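Structure, as structure tokens:
The values are calculated or read from the model by the stated rules, or taken from the named source; none is laboratory data. Worth saying up front: this structure is predicted, and the values here are computed from it rather than measured. In this analysis, Cβ positions are derived from the backbone assuming ideal geometry, glycine residues included, and neighbour counts consider all displayed protein chains.
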Amino acid sequence: MPMTETYWQTFVPMPPVAPWRQAYPAAMPDGSALWLPLRDLGATAVAGLIANQTSFAVLDRLVGWLAERCAAVQPDIIVGLPTLGHAVAPMLARALGHTRWAAAGYSRKLWYEEALSVPIASITTPDQRRLWLDPRLLPWLRGQRVLLVDDVLSTGRSIRAGLALLKRAGIAPIGVAALMAQTDRWREGWPEHLPVLTAFATPLFRRAEDQTWMPI
């Protein structure tokens, strides 16, 4: 079991399959593992990733794997969701050879328009707030192949808010991307035409009688 300070910091050989107590070794595309903390939700748990707390070496490789998958859909511009999507989106844009990216945000600037905002909440930030898009970004985005990017895709609430925001701006993205798919709960009601690209995925866990966590 890794110490807390080793989460997200280095890739390790995949350990033997076993029940887990506090952390989970997520399988990477190259066969290695990345230790992630397990977040207790009561009867279930999820493996967590915080993109702005990973080491540069880990984030570089995760973004590299994601870029390989995103290249196939040929995006023209990346739109990153706050907060942790902003740690991924600029690196992904550069890995794809782009010269810039666009950021949605939680802060309203003086020139922002109410019509370019939507309510948003997530599994880690359940209190509702608003997601905003700078109207000055619209000339960049309209008519382009837009890819919406976040760090983790979990219940899908955050990414759906991002999709709703782009719809308000008259933009139909070509897909969404995230470093990690945290379970498959986001799949419920997901539009079939919209591809989802991730570097890796983790399961949902259930609590066993011995208080360990088992993948469902």
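Determine whether region 148-157 contains at least one residue that is outside any strand (DSSP E or B), at pLDDT 95 or above and surrounded by 15 or more Cβ atoms within 10 Å (Cβ to Cβ).
There is no residue in region 148-157 that is outside any strand (DSSP E or B), at pLDDT 95 or above and surrounded by 15 or more Cβ atoms within 10 Å (Cβ to Cβ).
If you check Ala57 against the conditions, is it in a helix (DSSP H, G or I), surrounded by fewer than 21 Cβ atoms within 10 Å (Cβ to Cβ) and in contact (Cβ under 8 Å) with a residue 40 or more places away in the chain?
yes
Restricting attention to region 129-138, does a residue exist that is in contact (Cβ under 8 Å) with a residue 40 or more places away in the chain and assigned to a strand (DSSP E or B)?
Yes: region 129-138 contains one or more residues that are in contact (Cβ under 8 Å) with a residue 40 or more places away in the chain and assigned to a strand (DSSP E or B).
Go over the candidates Gly42, Gly31 one by one and state the one that is at pLDDT below 95 and on the phi > 0 side of the Ramachandran plot.
Matching residue, one of Gly42, Gly31: Gly42.
If you check Ala89, Ala93, Ala102, which single one turns out to be touching a strand residue (DSSP E or B) at 6+ places or on another chain (Cβ under 9 Å) and either under 24 Å from Ala26 (Cβ atoms) or modelled with pLDDT under 95 (or both)?
Step by step, each of Ala89, Ala93, Ala102 is checked, and only Ala89 is touching a strand residue (DSSP E or B) at 6+ places or on another chain (Cβ under 9 Å) and either under 24 Å from Ala26 (Cβ atoms) or modelled with pLDDT under 95 (or both).
Kindly indicate whether Arg145 is touching a strand residue (DSSP E or B) at 6+ places or on another chain (Cβ under 7 Å), surrounded by fewer than 19 Cβ atoms within 10 Å (Cβ to Cβ), charged (D, E, K, R) and in contact (Cβ under 8 Å) with a residue 12 or more places away in the chain.
No; evaluated as a whole, the condition is false for this residue.
Kindly provide the set of residues from region 177-203 that are crowded, with 20+ Cβ neighbours inside 10 Å, within 20 Å of Asp60 (Cα to Cα) and touching a Ser or Thr at 6+ places or on another chain (Cβ under 9 Å), ordered by number.
Across region 177-203, the qualifying residues are Ala177, Ala178, Leu179, Met180, Ala181, Gln182, Thr202.
Identify, please: which residue in region 129-164 is among the polar types (S, T, N, Q) and more than 10 Å from the chain's Cα centre (by Cα) and is, among those, farthest from Leu59 (Cα to Cα)?
Step by step, filter region 129-164, then rank; the result is Gln144.
Of the residues Ala33, Ala72, only one is over 30 Å from Arg206 (Cα atoms) and not in a loop (DSSP other than H, G, I, E, B); which?
Step by step, each of Ala33, Ala72 is checked, and only Ala72 is over 30 Å from Arg206 (Cα atoms) and not in a loop (DSSP other than H, G, I, E, B).
Condition test on Ser122, is it under 21 Å from Pro90 (Cβ atoms), buried (at least 19 other Cβ atoms within 10 Å of the Cβ) and at pLDDT below 95?
For Ser122, the condition - under 21 Å from Pro90 (Cβ atoms), buried (at least 19 other Cβ atoms within 10 Å of the Cβ) and at pLDDT below 95 - is met.
Out of all the residues in region 185-208, which are among the aromatic types (Phe, Trp, Tyr) and in contact with a Cys (Cβ under 9 Å, 6 or more places away or on another chain)?
none
Quick check, is Leu197 closer than 20 Å to Asp30 by Cα and in contact with a helix residue (DSSP H, G or I) (Cβ under 6 Å, 6 or more places away or on another chain)?
yes
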